[in-house]
1. Taking residue 59 as the residue in question, decide whether it is assigned by TED's automatic domain parsing to the domain that holds residue 246 and within 30 Å of residue 181 (Cα to Cα).
2. Taking region 198-246 on its own, how many of its residues are surrounded by fewer than 15 Cβ atoms within 10 Å (Cβ to Cβ) and free of Cβ contacts under 8 Å to residues at least 24 places away in the same chain?
3. Just need a number here: residues in region 119-148 that are within 16 Å of the chain's Cα centre (by Cα) and buried (at least 20 other Cβ atoms within 10 Å of the Cβ).
4. Please list, ordered by residue number, the helices (runs of 4 or more DSSP H) wholly in region 1-115 having 1 or more residues that are in contact (Cβ under 8 Å) with a residue 12 or more places away in the chain and surrounded by fewer than 17 Cβ atoms within 10 Å (Cβ to Cβ).
5. Can you confirm whether residue 265 is part of a helix (DSSP H, G or I) and either under 15 Å from the mean Cα position of the chain (by Cα) or in the same structural domain as residue 161 (by TED's automatic domain parsing) (or both)?
6. Output the number of residues of region 292-314 satisfying the condition of being under 21 Å from residue 16 (Cα atoms) and either assigned to a strand (DSSP E or B) or not assigned by TED's automatic domain parsing to the domain that holds residue 87 (or both).
7. Only residues that are farther than 26 Å from residue 238 by Cβ, touching a helix residue (DSSP H, G or I) at 6+ places or on another chain (Cβ under 8 Å) and touching a residue at least 40 places away in the same chain (Cβ under 8 Å): list them for region 153-192, please.
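The values are calculated or read from the model by the stated rules, or taken from the named source; none is laboratory data. Every value quoted in this text rests on a predicted model; they were computed, and no experiment measured them. Glycine gets a Cβ as well: all are built from the backbone with ideal geometry, and neighbour counts include every protein chain shown.
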């Protein structure tokens, strides 16, 4: 058995996430307390724990709140896992979907939790501010391969920004760009044997329109300490495992306006012999994506004590390999 840890991104958040775990696990509770202190000191109006536990959903879903909330919730689950399973083996790899890369880096010890949540609050705000409301859009394209999506974007752009944002799996790629270009792509996809479904998002993430956000985050990342990684973290922007702390900042900056190479990331860890993965965070979005990519990897979604105990049984003989 060879194990990877996977961390979800925006879209997996839900009111109540981590509440029961924090009540039952001192280690998880300590993570929420650390995140609360860091974010309140950075000017957040409310404790992130209160948003996670009690909502309201409209406030939790604001990008500047969602991002640090998910990193906190995922980090609390890691802490509870390690508390519940003292001899828990390190994973062979970790990967996070978009924002989840920050959770993976916290788990690997590269980023301090306090720095990660503060950066993610700023990241969310910068991404929201980069494009005026309604000026950008995203859509999920189904039924076309990667080459087909690239051709679709090239033909529909008409001089505007449009490109792949998330290579999520075979036959499913998210595109992002100006609202007009995404609409042209939606219509054009139907003539090429595909289908493009508009996504309800607050901004066009992972495309060139996010360049101002990347520029805004770069100096903040430059000022943060990055520590040695306890295990390789597969970078979103190139789908390649990284163990070099000196590369972390650049990879995180490039990630903001570059497409998420999730398909490539999962294919790589499967080729490296990974057989099991823990989806560490709320929801089961990544389990569904991995299932479409490979039958080799069994994903266990872990978000509460019950699922942690199930994981403990399965991981009885696990090692990093």
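1. Numbers: assigned by TED's automatic domain parsing to the domain that holds residue 246: yes; within 30 Å of residue 181 (Cα to Cα): yes.
Against the criterion (assigned by TED's automatic domain parsing to the domain that holds residue 246 and within 30 Å of residue 181 (Cα to Cα)), residue 59 qualifies.
2. Qualifying residue count for the region: 7.
3. So the answer is 6.
4. On the way: elements: 19-24, 26-41, 48-54, 57-60, 63-84, 100-107.
In region 1-115, 19-24, 26-41, 48-54, 57-60, 63-84 are the helices (runs of 4 or more DSSP H) which contain 1 or more residues that are in contact (Cβ under 8 Å) with a residue 12 or more places away in the chain and surrounded by fewer than 17 Cβ atoms within 10 Å (Cβ to Cβ).
5. Taking the combined requirement at face value, the residue satisfies it.
6. 3
7. Passing the criteria: 189, 192.
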